[in-house]
1. Have a look at TYR115, ALA310, PHE269 and report the one farthest towards the positive end of the charge dipole of the chain, computed about the Cα centre with Cβ charges (Lys/Arg +1, Asp/Glu -1).
2. Test of understanding: extend the Cα→C-beta vector of LYS52 to 7 Å, then name every residue of segment 303-322 with backbone N under 19 Å from that spot.
3. If you put +1 on each Lys and Arg Cβ and -1 on each Asp and Glu Cβ, how big is the dipole of the chain around its Cα centre, in Debye rounded to 20?
4. Ignoring everything but the protein chains, give the 1.4 Å probe accessible area of LYS238 in square angstrom, nearest 10.
5. Whole-Hz Karplus ³J(HN,Hα) for segment 123-139, in order, using 6.51 cos²θ - 1.76 cosθ + 1.60 and θ = phi - 60°, x for Gly and Pro?
6. Which order do you get for ASP212, ASP298, ASP35, ASP127 if you rank them by accessible area with a 1.4 Å probe, largest at the top?
7. How much accessible area does LYS208 have with a 1.4 Å probe, in Å² rounded to the nearest 10?
8. Separation of segment 186-250 and segment 154-182 by C-alpha centroid, Å?
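The values are calculated or read from the model by the stated rules, or taken from the named source; none is laboratory data. Because the structure is a prediction, the values reported are computed rather than measured. Glycine also receives a Cβ, built like all others from the backbone with ideal geometry; neighbour counts cover every protein chain displayed. Keep in mind that these areas ignore ligands, DNA and RNA; they rest on the heavy atoms of the full protein, side chains included. Shrake-Rupley method; radii C 1.70, N 1.55, O 1.52, S 1.80 Å.
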Amino acid sequence: DPNIMKSKFRGCLLGSLMGDCLGAPYEGNEISSGDKIIIQRYFDKMEEPEFKGPFKKYTDDTAMMKSMAKFLIDKPEPDFTYLAKLFVTEYFKEPRRGYGQSVVAVFEKLRNSKYTNIYQPANEQFDGSGSYGNGGAMRIAPVALYYSSDYNNMINVARDATRITHSNIFGINGALLQCIAVQQALHINPSSKINIKEFCSCLLEKIKLIEDNSDDSEFNMPEAYQEKLKKVELLLEKEYNDDLEDEIIYTLGNGIGAYDSVGTAIFCFLKAQSCIPKIETDNIIRRTIQYAVTLGGDTDTIACMAGAIAGAYLGEEAINKALLSHCEKYDEIISLADNLYQAAGNT
Ligand code: 8NA
Ligand code: MG
Ligand code: MG
Ligand code: MG
């Protein structure tokens, strides 16, 4: 059904925006049980139709996601130099969007070298080991939408788009895992329940192929993301207890590294398919985002990635409009999703 697909494109990019905007105020924080009550009230308040407040600003996650969508919309044949220019132009137009500390050096080198070798600046990061940050994963959703029925191209474009800023194998494979999660969610009927076991086993199978073909001589963790996904599955089966969240953070991570956050985002999405103690809402997309925020750490990015997966599954109808209305430029993101939908060959 084309209407469902169009709604899923919107849902995905809006879920990503909402996670970023609503998570950003808590970025870098450790969340106590008192904070969880405050976060519950913060979401409740923004869902009140009469509540007016200054909008929540988006950060680097959305700034870069917008460039990814524009790159796909403007260029029928992927032009990665064009994408690099979009990232750089966007950064110098609005540098204060909370970019990662090191990625700025890549933007400066790209600009100063006039884009002669768009992969060299990223390759030079961290004495040649490349960034393992989650900056590739946080912005990847448009690629999953655009190439939703062209898996091999999706993977190749996602990889080459990520390598402009992140050349470390953890940064790249983390972006691929997030991309695959969004693409899988896109193909699930929004009116049926998710089969969590099947979702995880499909992810595991695909990331195994990718890891089997990855050169990981530097770290020698050739099954890193496969192991991570197995931990996601185990944690999903655990009964709630007071220490469970600490165990989740310890095992899956809540940091700025892709390895410490992509599995966590997938976990949040799957966990939020049913009720979670102390997260009071019937709305699955809100529950996904609010839960990601309560895990603390890199809240905007983990909520952004989890929100993109949830929105790709459930579509725009499942988004609370009041909550969305507090997010900066949500109407621009709707147009962007529609343009991407058209560019992907739909009308
Ligand atoms: P990045 O490429 O600058 O990486 C982020 C950080 O990860 C770097 O500054 C390093 O500290 C660390 N890092 C990455 N690779 C290596 C390595 N090989 N060796 C040692 N350290 C390394 O930026 P990015 O685009 O990946 O950004 C990721 C995150 O930063 C996003 O969450 C984004 O929102 C932003 N951010 C996060 C926070 C926070 O407190 N969580 C605050 C501001 C900005
Ligand atoms: Mg951010
Ligand atoms: Mg290998
Ligand atoms: Mg972040």
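1. Working it through, the farthest residue towards the positive pole turns out to be TYR115.
2. Within reach of a label on LYS52, which here means backbone N under 19 Å from a point 7 Å along Cα→Cβ, segment 303-322 contributes 321-322.
3. Dipole of the chain, to the nearest 20 debye: 920 debye.
4. 90
5. Rounded to whole hertz, the list is 4, 7, 4, 6, 6, x, 7, x, 6, 9, x, 8, x, x, 5, 5, 10.
6. ASP127, ASP212, ASP35, ASP298
7. In the full protein context, LYS208 sits at about 90 Å².
8. Centre-to-centre distance over Cα atoms comes out at 16 Å.
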